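Note sheet for the following structure.
Since every read-out is calculated from the coordinates, none of them should be taken as a lab result. Note that the coordinates shown come from a computational prediction; the quantities given were computed from them, not determined experimentally. All Cβ positions, even for glycine, are placed from backbone atoms using ideal geometry, and neighbour counts span all protein chains on display.
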Amino acid sequence: MARIASTRLSRLLTGWSSEGPGPLPRRLADALRELAGRGDVAGGTVLPSQRELALVLGVSRSTVTAAYGLLESEGWLESVRGSGSRLRGSGTVDGYVTEGRLVSFDARSRAAATAGTADLSSGALPGLGTVGDAVGALTRGDLGTLLEDDGYHPYGIPALREGIAAYYRAAGVPTEAGQILVTSGSQQAVWLVAQALVEPGDTVVVENPTYRGALEALRARGARLVPVGGDGPGGGTEGADVAALRRLCAHARPRLVYLQPTAHNPTGRSLDGAARREWQRVLAEQELFTVEDTACAELALGDGDAGRGTALSAGTVPDEATPVPLVAGLPLGSSVTVGTLSKLFWGGLRVGWVRSSPQVVARLAKIKTSVDLSCSVVDQLVAVRLLATLPEARARRRAALRGQRDAAEALLLAEAPHWEWTRPAGGPALWVRVPGTDTETLAQLARRHGVSVVPGSAFSPVDGFRDRLRLPYAHGTDALAAALPTLLECAERAAG
């Protein structure tokens, strides 16, 4: 029988412990029943022990015991001698679990926000005014001859595919339109790669930590995730360990490697020039299929890990520069680059892409067609206009993020000087170490006090980084400042 780890279950149990009607055991029982009813936890799954779940949720064991008892009396839970408590479900057997990644976008979270909840669960950026300008500038002429066909373009409209190819050529990477597949954001691109290139049981190498949307897509496909690298001592981030990949390849053959070399999510680090060259060398020597996710690369801040006023370090991206993919030096047939406009411009603009060989692009397009036929033509026309404004938008976004990052760091230095982090080279958040604290428990306690935050283990393929938090700063520091007293109090309660 399948078991669910307490850490994964705690990330699914979002919102249950906030103020509401009924005692805490009743609310916990209702939340568990809801997970079963929706199929988020498959029927037959064995739940964690009462003691283990109580510890990670930051509640008493009697609360969990009472909740399990309520579920058992209602027929949603049964005790199996020697195996623990098995959750009864709606018959759904799909093991795909999103671990609450999109909780900040659903209706329940929006309702909670109006009641005073401080939402630090998402690093998504507010839109740039340029998007509204591009939408308003569209005319019938933009549609032109596109209206003469059925509107379905499985690979993307020609103008956008050529525009994205030109984006790479501007970075010195030869690219043709036939090497581009337009997708509904970078998340769909990663999902398509998992569906097309990974079979259940395949070994996939990932960084640790890494983008949790990729972890979800690969887990849903049944991949065996093998992490390489991790965080350095004292909260510093070393990134993925190329030596560990060499050792792995000595006795195993990974199906593919998934990397984020620039403006990594969640750490914000970017590999320097020497590290990028070493990765290129090993990936080429081992002939490994490589997926480079550059979704956040346009959010590279151009100052590396150095303080303000210092020279750019190797591998950083100046304001006017287009990020160069690490895989640009690898064979096109054994590499994929994932990109998007959604991070730089606006999450509501669902335009992403894949750059690879025409053969890989065709394989991905076939799967995509079975899901959504094609992306919106109107969205793609807006994207064509936005590509023309990219240098200005890039400079504006990066300048704003630098100021927001500096303000968030100043706040933490003043209010939480014992917390540790490395200044991010890009992205919308700080990757913070809370010494001696289980951040899974901290996150649960914080939710009961109106603060939603994501623990580090959500970004780990092996539930690591139990002392880390991702703290977004891209919406300004007001929310972080309001939430910080609660986070500090909950950190003390969750400590060791």
Original post:
Label-point separation (nm) for Q359 and V80, each offset 7 Å from Cα along Cα-to-Cβ?
Top reply: 4.4 nm
Original post:
Taking amide hydrogens as modeled 1.01 Å from N in the peptide plane, which residues meet the under 5 Å criterion relative to T183, leaving out close sequence neighbours?
Top reply: G352, W353, V354
**OP:** Please work out the FRET efficiency for the pair I367 and D30, using the Cβ-Cβ distance as r and a Förster radius of 45 Å; give the result to the nearest 0.05.
**Re:** 0.75
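Applying 1/(1 + (r/R0)^6) with R0 = 41 Å to the Cβ-Cβ distance of E409 and D149, what FRET efficiency is obtained, to the nearest 0.05?
Once rounded, the FRET efficiency stands at 0.20.
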Original post:
What angle, in degrees between 0 and 90 and rounded to the nearest 10, separates the Cα long axis of helix 158-170 from the longest principal axis of the Cα atoms of the chain?
Top reply: 90 degrees
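With contacts defined as alpha carbon pairs under 8 Å and 6 or more residues apart, what's the relative contact order of segment 364-471 in percent?
Values: 90 pairs, mean separation 19.8, N = 108.
Relative contact order, segment 364-471: 18 percent.
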Original post:
Using alpha-carbon pairs under 8 Å, 6+ residues apart, how would you state the relative contact order of segment 130-391 in percent?
Top reply: 27 percent
Original post:
What's the longest bit of the chain with no exposed trypsin sites (Lys or Arg not before Pro), using DSSP loop states and at most 12 other Cβ atoms within 10 Å as the test?
Top reply: 82-307
Original post:
So for segment 130-391: antiparallel DSSP bridges make up what percent, rounded to the nearest 5?
Top reply: 40 percent
Original post:
Say a paramagnetic label sat at a point 7 Å from the Cα of T139, along Cα to Cβ; which residues of segment 390-410 have their backbone N under 18 Å from it?
Top reply: none
Original post:
Which ³J(HN,Hα) values, rounded to whole Hz and listed in residue order, are derived for segment 268-283 from phi using the Karplus coefficients 6.51, -1.76 and 1.60 in 6.51 cos²θ - 1.76 cosθ + 1.60 with θ = phi - 60°, glycine and proline given as x?
Top reply: x, 7, 10, 5, 7, x, 5, 5, 4, 5, 5, 5, 4, 5, 5, 4
Original post:
For the residues E489, E285, E440, what sequence is obtained by ranking on other C-beta atoms within 10 Å, fewest first?
Top reply: E285, E489, E440
Original post:
Based on the alpha-carbon gyration tensor of segment 6-87 and its eigenvalue square roots a ≥ b ≥ c, which shape applies: rounded if a/c is under 1.5, prolate if not and a/b is larger than b/c, or oblate?
Top reply: rounded
Subject >> Cα gyration tensor shape for segment 130-391, rounded if a/c is under 1.5, else prolate or oblate >> reply: oblate
Original post:
Which value in nm describes the separation of the simple spin-label points at R277 and R3, placed 7 Å from the Cα toward the beta carbon?
Top reply: 4.8 nm
